[in-house]
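The values are calculated or read from the model by the stated rules, or taken from the named source; none is laboratory data. Here the structure is a predicted model, which is why all the values come from computation and not from measurement. Virtual Cβ from ideal backbone geometry, glycine too; neighbours counted across all protein chains shown. Ligands, DNA and RNA are excluded from the accessible area calculation, which covers all protein heavy atoms including side chains. Shrake-Rupley method; radii C 1.70, N 1.55, O 1.52, S 1.80 Å.
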Amino acid sequence: MAYKVYTQAERPDLNDQMADVLAASWSTFMLHDEVAEQHYDRLEEWFGSFQYLLTDENDTVMAVGNSIPFYWDGTLEGMPKGWDDVFLRGIEGYAQGQKPNTLSALSISIDPKHRGLGLSRQMVTAMKDIAKQNGLEYMVVPVRPSLKHKYPLIPMENYLEWKTADGAPFDPWVRTHWKMGGKIMKVAAESMLIRGSLAKWEEWTGMNFPGSGMYIIPGALVPVRVEAEKDEAVYVEPNVWMQHVL
């Protein structure tokens, strides 16, 4: 099959399809990150040339990539705290007229109907190409390990130590980046924050939360903290910072 890659700036006519792919690719609660809810529209408005999509020959959107440029000093200490922080750095840097030197992935979403075709590698390659075309020095990725949700009680640091029989990373998504030259930098322990009332979480998950405690939620990488007396549940997601050489 012949695939084509476009930026969102080039194909705004496919925005509805892009939105459909995103909605189909993620657990509902993942679409309610506080930073994303406040600033997501800025991605198209300010960074349309860094959002991209992969289509088949019929202009059917099969995968969507979101990324944001920001300034990084190149040190481990200077890395953003995680997904939320790099999103905010990109927004604030643009508003202040700061020249970016780094591209951070935000997400790569493959339509569930088209998984298993090797599109994830093509999407990572396309993101690297976009970074190079825009003259950026670095590319970093707050990786969301694809099987971590099956092991929510295992600390991320321990999970990253797991290997396959041939010594590769156990997690398929981490392994994809690793095989493409990505290097693990550090764990982003507080990468994303998703907070909401118990009614909202019940709507998002289809679960009931009758009392306070730590709940294992399908699709969540770590347990969700429920405080019934506050009518609030909070999910703090860890990710893994990886760097690709451009």
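What to note about this one:
- Partners of residue 128 within straight-line reach, counting aspartates and glutamates whose Cα lies under 17 Å from its Cα and excluding those fewer than 8 residues away in the same chain: 137.
- Heavy atoms of residue 109: accessible area, 1.4 Å probe, square angstrom to 10: 0
- Segment 32-86 and segment 131-204: distance between their alpha carbon centers, rounded to Å: 16
- Placing unit charges on each Cβ (+1 for Lys and Arg, -1 for Asp and Glu) gives segment 112-203 a dipole about its Cα centre, and among 181, 155, 143 the Cα reaching farthest toward its positive end belongs to 181.
- Only protein heavy atoms count here; on that basis, with a 1.4 Å probe, residue 115 has an accessible area of about 130 Å².
- Among (1) 22.1, 87; (2) 17.9, 55; (3) 16.5, 53, the entry that matches Rg and Dmax of the Cα atoms in Å as calculated here: (2)
- Simple Cβ-charge dipole of segment 15-154, Lys/Arg +1 and Asp/Glu -1, about Cα centre, in debye nearest 20: 620
- Unit charges at the beta carbon, dipole of the chain: most positive-side option, 76, 98, 213: 76
- Cα gyration tensor, segment 1-120 - rounded (a/c under 1.5), prolate or oblate: prolate
- Only one residue of 35, 201, 246 has its Cα farthest out toward the positive end of the dipole of the chain, where Lys and Arg carry +1 and Asp and Glu -1 on Cβ, and that residue is 246.
- Links that overshoot a 29 Å alpha carbon limit, given the list 150/183; 150/179; 4/179; 99/148: 99/148
- Maximal additional length on extending the residue 49-residue 228 stretch stands at 60.1 nm, based on 0.36 nm per residue less the C-alpha distance.
- Mean separation of Cα contacts under 8 Å, 6 or more apart, over the residue count of the chain: relative contact order %: 20
- Under a model in which nothing but the beta-carbon of Lys, Arg (+1) and Asp, Glu (-1) is charged, segment 79-161 shows a dipole of about 280 debye around its Cα centre.
- Gyration tensor (alpha-carbon) shape descriptor, segment 145-246, a/c threshold 1.5: prolate
- Accessible area (Å², 1.4 Å probe, nearest 10) - residue 160: 30
- Gyration tensor (alpha-carbon) shape descriptor, segment 1-62, a/c threshold 1.5: oblate
- Of all aspartates and glutamates in the structure, the ones whose alpha carbon falls short of 18 Å from that of residue 81, not counting any fewer than 8 places away in one chain, are 33, 34, 73, 92, 157, 190, 237.
- Taking Cβ atoms as reference points and 10 Å as the exclusive limit, the residues near residue 234 contribute a net charge of +1, counting Lys and Arg as +1 and Asp and Glu as -1.
- Of all accessible heavy-atom area on segment 168-246, the percent that carbon and sulfur account for (1.4 Å): 53
- Dipole magnitude of the chain, debye to nearest 20 (Cβ charges: Lys/Arg +1, Asp/Glu -1, about Cα centre): 960
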